[in-house]
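Chemist: Here it is: the structure, laid out below.
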């Protein structure tokens, strides 16, 4: 009879063989296979750790979560990292944390304004609205798709208490301006770093400038654990609040399966509860359950050491796409990095110029017909979506560029799974399209 | 951010009357922590893929920044500390998880540290890091059963030498008139005396009071301070069950 350790070793050996058999060879036939815009990039290590975590059968956060949080915080040079189940959850936790009564007069209250952008992903903005705060929308630049710095300055009014924006598609927003405004007006800053893990501004990693920052580990992102995200901060009080918001709103900070870590489980006084009420069930926030599992964290532990390689591959692919598409720059606005920034590119954004002679939809349909995946720049102008209809908000200036993005912008992938053969296929497709190979696409409607 | 770490027992110092100082060496670098925070120590083996074993909280006596070195003090009081006395041995392995707790001295107010017995370990990291030119006054009043059980007197002496606005008062229940610490500081006879501290501060009602020690001492000193008219918010206790 083998011991548990021996069986575990045998399973691991089999998992590695399984990886080689199932995922080892990856062919690409341009006439048959998709050029994905994003996806999981992994080897046998991810499978090994995932199975290892599942054999622990602890299920909830445990050793791999602790390891991932420690290593992720170290990567960013932050004191605290809190694993959550998605980047959107990280945004929700972060914004909700800023409404905590533990922050005293610095807490955000209903009606306080938060500066953000209209062109982006909905769950950057939704937590502002969900916390009864008022988003103040500013327009973005075309080309780098980040907030227009002058508009951000103009947006700050007497009710403004925070800035929450994304480094869209990996491009850092102007952290000089936001930092200066934050100091001048005592604003909270939340960096939605979900698209930008590994990006730098003035040589410093994004996600380290704000009071809080968020990351996503969805498969389309720089590293993945399937579903997953992280809240990062170097403010211990914010970390404690965020942990509470993540973990049902409870005051207790015991990890799952632990008891009386604080040593005062039955001797504290909270609110009007009887003295000594079990601290495990004392709630200091209206929270959620947004925790991740140890299996997710295990995958993250295998992914994180690969991050720098992934970032380099994304930059290489971005550079190659720039070379491929430069000849069409009269018709396509190609992406660019603003001053002082070194993006860890999430995608390659293209805006079809008004004078191009074809539309974004013409080009996207053609590329999709050639099995080249494309994506809109997320929601475009969020205010045009039903979910945001009627929300309390303010707009500074106009959102004309956000509207251009809604109709004329899309992006291609740059993820490490895109190799030379895929890029060559993309080059061929663009060349053919620009030469006039634009078959009329039949749109079939249901009867 | 909390971490769980295996530690080797580097040394155990017995001070008499079942009071000990234990030095540990963690297998990996320690997470950063603040002076006044505590750790949990487990004597039973811990399998990181399973549940955390029975453990007890101890103030971290050493300051953050020592890479892998940890120090704690304990006095044998109950089941867990009795096990520690029996089972801890130099070279042995224990597990710790850390850091925890809010017993952290912050703010610009004058500070009074009231320590009873091994409760001094909640303040030692703070003293180690006290800047020479701190703008606030810091007064430590430290009592123990016997003069020999006054720990960290060398650290306290060094702090008094380098920190301009730091003062220390020592008390021992069994002290005789004229008794001094090993570093030559006078020891008052009897229990820790809040009145003596009160007289050392220009504005005692505006100071923040931090109390660490056995439960009876915490209760008695807190009550005394409240009776002197101090607001509850000015009194911080390092209380565990």
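The values are calculated or read from the model by the stated rules, or taken from the named source; none is laboratory data. What you see is a predicted model; the values in this text were computed from it and never measured. All Cβ positions, glycine included, derive from the backbone under ideal geometry; neighbour counts span all protein chains shown.
Chemist: Return the residue satisfying two criteria in turn: it lies in segment B:111-144 and is in a loop (DSSP other than H, G, I, E, B) and in contact with a helix residue (DSSP H, G or I) (Cβ under 7 Å, 6 or more places away or on another chain), and of such residues it is farthest from residue B:84 (Cα to Cα).
Modeler: If we take residues in segment B:111-144 being in a loop (DSSP other than H, G, I, E, B) and in contact with a helix residue (DSSP H, G or I) (Cβ under 7 Å, 6 or more places away or on another chain), then B:132 is farthest from residue B:84 (Cα to Cα).
Chemist: Name the residue, out of A:7, A:14, A:34, A:47, that is buried (at least 17 other Cβ atoms within 10 Å of the Cβ) and either away from every other protein chain (no Cβ under 11 Å) or free of Cβ contacts under 8 Å to residues at least 12 places away in the same chain (or both). Break it down into steps so the answer makes sense when it comes.
Modeler: Values: A:7 fails: buried (at least 17 other Cβ atoms within 10 Å of the Cβ); A:14 fails: buried (at least 17 other Cβ atoms within 10 Å of the Cβ); A:34 fails: buried (at least 17 other Cβ atoms within 10 Å of the Cβ).
The unique qualifying residue is A:47.
Chemist: Return the pairs, sorted by first residue and then second, in which the second residue is modelled with pLDDT under 95, the first residue lies in segment A:75-93 and is over 17 Å from residue A:131 (Cβ atoms), the beta carbons are less than 6 Å apart, and the residues are 6+ apart or on different chains.
Modeler: Going by the 6 Å Cβ cut-off, the qualifying pairs are A:80/B:1.
Chemist: Another question, if that's okay. One residue is enough: does segment B:43-52 have a residue meeting the conditions at pLDDT 95 or above and within 20 Å of residue A:236 (Cβ to Cβ)?
Modeler: no
Chemist: Report those helices (runs of 4 or more DSSP H) wholly inside segment A:291-375 carrying at least 3 residues which are surrounded by fewer than 20 Cβ atoms within 10 Å (Cβ to Cβ).
Modeler: Answer list for segment A:291-375: A:307-325, A:360-369.
Chemist: With the structure loaded, tell me whether residue A:249 is in contact with a strand residue (DSSP E or B) (Cβ under 6 Å, 6 or more places away or on another chain), touching a residue at least 60 places away in the same chain (Cβ under 8 Å) and closer than 30 Å to residue B:53 by Cβ or whether it fails that test.
Modeler: The answer is no for residue A:249.
Chemist: Please tell me if residue A:28 is within 14 Å of chain B (Cβ to nearest Cβ) and touching a strand residue (DSSP E or B) at 6+ places or on another chain (Cβ under 9 Å). Spell out the reasoning first.
Modeler: Numbers: within 14 Å of chain B (Cβ to nearest Cβ): no; touching a strand residue (DSSP E or B) at 6+ places or on another chain (Cβ under 9 Å): yes.
Considered against the rule, which asks whether it is within 14 Å of chain B (Cβ to nearest Cβ) and touching a strand residue (DSSP E or B) at 6+ places or on another chain (Cβ under 9 Å), residue A:28 comes out as no.
Chemist: Let me ask something else about it. Any idea which residue in segment B:95-115 is farthest from residue B:196 (Cα to Cα), counting only those that are buried (at least 20 other Cβ atoms within 10 Å of the Cβ) and within 14 Å of another protein chain (Cβ to nearest Cβ)?
Modeler: Looking at the filtered set, the residue picked out is B:95.
Chemist: Taking segment B:1-27 as the search range and keeping residues that are within 12 Å of another protein chain (Cβ to nearest Cβ) and part of a strand (DSSP E or B), which one is farthest from residue A:66 (Cα to Cα)?
Modeler: B:5
Chemist: Could you grab me the full set of residues in segment A:235-263 that are in contact with a helix residue (DSSP H, G or I) (Cβ under 9 Å, 6 or more places away or on another chain), within 10 Å of another protein chain (Cβ to nearest Cβ) and not in a helix (DSSP H, G or I)?
Modeler: Once the filter is applied, which keeps residues that are in contact with a helix residue (DSSP H, G or I) (Cβ under 9 Å, 6 or more places away or on another chain), within 10 Å of another protein chain (Cβ to nearest Cβ) and not in a helix (DSSP H, G or I), segment A:235-263 yields A:253, A:254, A:255, A:259, A:260, A:262.
Chemist: Which ones in segment B:215-225 are away from every other protein chain (no Cβ under 14 Å) and either under 14 Å from residue B:139 (Cβ atoms) or in contact with a strand residue (DSSP E or B) (Cβ under 7 Å, 6 or more places away or on another chain) (or both)?
Modeler: Result: B:217, B:221, B:225.
Chemist: Please find, within segment B:220-241, the residue that is surrounded by the most Cβ atoms within 10 Å (Cβ to Cβ) out of those that are over 24 Å from residue B:35 (Cβ atoms) and within 21 Å of the chain's Cα centre (by Cα).
Modeler: B:220
Chemist: Residues to consider are A:266, A:277, A:270; find the one that is farther than 27 Å from residue A:211 by Cβ and more than 10 Å from chain B (Cβ to nearest Cβ).
Modeler: A:277
Chemist: Also: Within segment A:161-208, restricting attention to residues that are part of a strand (DSSP E or B) and within 15 Å of the chain's Cα centre (by Cα), which residue is surrounded by the fewest Cβ atoms within 10 Å (Cβ to Cβ)?
Modeler: At the first step, the residues of segment A:161-208 found to be part of a strand (DSSP E or B) are A:161-166, A:188-192, A:200-201, A:204-205.
After this cut, where a residue has to be within 15 Å of the chain's Cα centre (by Cα) as well, the list is A:164-166, A:190-192, A:205.
Numbers: A:164: 26, A:165: 25, A:166: 31, A:190: 28, A:191: 28, A:192: 33, A:205: 21.
Out of the qualifying residues, it is A:205.
Chemist: If you don't mind, another one. Sort out which residues of segment A:435-447 are more than 12 Å from residue A:367 (Cβ to Cβ) and either at pLDDT below 55 or surrounded by 13 or more Cβ atoms within 10 Å (Cβ to Cβ) (or both), and write them in order of number.
Modeler: A:442, A:443, A:444, A:445, A:446, A:447
Chemist: When the residues of segment A:71-85 are filtered to those that are in contact with a strand residue (DSSP E or B) (Cβ under 6 Å, 6 or more places away or on another chain) and in a helix (DSSP H, G or I), which remaining residue is nearest to the other protein chains (Cβ to nearest Cβ)?
Modeler: Looking at residues that are in contact with a strand residue (DSSP E or B) (Cβ under 6 Å, 6 or more places away or on another chain) and in a helix (DSSP H, G or I), I get A:73.
Chemist: If you scan segment B:28-65, which residues turn out to be at the interface with another protein chain (Cβ under 10 Å from one of its Cβ atoms), in contact with a helix residue (DSSP H, G or I) (Cβ under 7 Å, 6 or more places away or on another chain) and part of a loop (DSSP other than H, G, I, E, B)?
Modeler: Correct list: B:48, B:49.
Chemist: Quick test of your reading of the structure: residue A:266 fulfils all but one of (1) touching a strand residue (DSSP E or B) at 6+ places or on another chain (Cβ under 8 Å); (2) part of a loop (DSSP other than H, G, I, E, B). Name the failing condition by number.
Modeler: The one condition residue A:266 does not meet is (1).
Chemist: Also: Against the condition more than 29 Å from the chain's Cα centre (by Cα), under 30 Å from residue A:237 (Cβ atoms) and within 14 Å of another protein chain (Cβ to nearest Cβ), how does residue A:104 come out, does it pass?
Modeler: Taking the combined requirement at face value, the residue satisfies it.
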